[in-house]
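Scroll down for the structure; my scribbles are underneath it.
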Amino acid sequence: MHTINSLLDDLTNLSIDRKGTLLVHSSYKSIGEVDGKADTVLDAFQEYMKDGLLVLPTHTWDSINASNPIFSVQDSPTCVGILTELFRKRKHVIRSAHPTHSVAAIGEDAIPFTSGDENFDTPCARGSVWGKLLDRNAQIMLVGVDLKRNTYIHGIEEWADIPGRMTDSFEQLQSVLPDGTVIDVPSRRHSGLSWSEHFWKVDDILLNRGAMSIGTFGDAETRVCYARKLNDVLMEMLHDLPDLFSNNEPLDNKTIEFYSNK
């Protein structure tokens, strides 16, 4: 059985920067049996990152849309796992106000980090929290999930202006702040195929280029991506191969070797 101490050791072994910025995507079940269950997992993350900034996604893209347009920062449940839902309700945790792609954060600068997302009309704008991850050279931890769940890569595609990724039209969404303030947030959405299902194909290249490492957290295979290096590698590839993630076919060995050795 995993304990808070063993999970803290796992974070150390993964070389997570205690004073940095850490975003965690997760499958709680993949961690295995934990003494104290999900709350112990969150306690471990918060204890380890007490001198840094801890961020979890609190997305609502599956429920907030044109037919259900009102997102409540305080009350709208997440669609990305039990850890995110428990975390957003914890004391001192601050949630951003983007209606579909919010995050929650705790740390000394959680308020400036999460502020302003309601001003952007796309899911992962460069000035949003997703771009701030790049500015802060955050680590992105994928616990029991792979690159297909890495929202940050959606951001890289958005910043690279890859065509066909978002709707041309806007949904008239609203964000309700904890104090009751209502903000209109006209929003474009991810469109077409589930492009993130194709992100897996750069796994080997990211490992070879040092943009990602793999270890364990509890029982879960865990990837740790480095935001700045990940952006550099994928921007380079998307410049050459704008259709990189437009299909689910594996990359050929020649392409993997070329981009692994640049």
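The values are calculated or read from the model by the stated rules, or taken from the named source; none is laboratory data. Since this is a predicted model, take the numbers as computed values, not measurements. Counting neighbours? That spans all protein chains shown, and the Cβs are built from the backbone with ideal geometry, glycine included. Side chains are part of the model used for accessible areas, which takes the heavy atoms of the whole protein and leaves out ligands, DNA and RNA. Shrake-Rupley method; radii C 1.70, N 1.55, O 1.52, S 1.80 Å.
Quick check: is even one residue across the stretch 52-65 loosely packed, with under 14 Cβ neighbours inside 10 Å and either over 18 Å from ALA104 (Cβ atoms) or touching a Leu at 6+ places or on another chain (Cβ under 7 Å) (or both)? There is no residue in the stretch 52-65 that is loosely packed, with under 14 Cβ neighbours inside 10 Å and either over 18 Å from ALA104 (Cβ atoms) or touching a Leu at 6+ places or on another chain (Cβ under 7 Å) (or both).
Of ASP146, ASP161, ASP121, all but one fail to be open to solvent by 40 Å² or more (accessible area, probe 1.4 Å) and free of Cβ contacts under 8 Å to residues at least 24 places away in the same chain; the exception is ASP161.
Within the bounds of the stretch 88-104, is there any residue that is in a helix (DSSP H, G or I), open to solvent by less than 10 Å² (accessible area, probe 1.4 Å) and either within 19 Å of THR181 (Cα to Cα) or out of contact with any Leu (no Cβ under 6 Å at 6 or more places or on another chain) (or both)? No - not one qualifying residue is present in the stretch 88-104.
Every residue, every condition in (1) in a helix (DSSP H, G or I); (2) more than 19 Å from ASP117 (Cα to Cα); (3) polar (S, T, N, Q), yes or no:
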residue	(1), (2), (3)
VAL145	no, yes, no
GLY155	yes, no, no
ILE162	no, yes, no
GLN174	no, no, yes
ASP179	no, no, no
ASP203	yes, yes, no
GLY210	no, yes, no
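Looking across the stretch 236-262, the residues that are open to solvent by less than 60 Å² (accessible area, probe 1.4 Å), in a helix (DSSP H, G or I) and within 25 Å of PRO163 (Cβ to Cβ) come down to GLU236, MET237, LEU238, THR255, ILE256, TYR259. Exactly one residue out of ASP168, ASP219 is loosely packed, with under 12 Cβ neighbours inside 10 Å and either under 22 Å from THR100 (Cβ atoms) or under 22 Å from the mean Cα position of the chain (by Cα) (or both): that is ASP168. The set of residues from the stretch 183-211 being free of Cβ contacts under 8 Å to residues at least 60 places away in the same chain and of a type in the set (A, V, I, L, M, F, W, C) comprises LEU193, TRP195, PHE199, TRP200, VAL202, ILE205, LEU206, LEU207, ALA211.
Restricting attention to the stretch 190-212, the residues that are in contact with a strand residue (DSSP E or B) (Cβ under 7 Å, 6 or more places away or on another chain) and over 18 Å from SER15 (Cα atoms) total 2.
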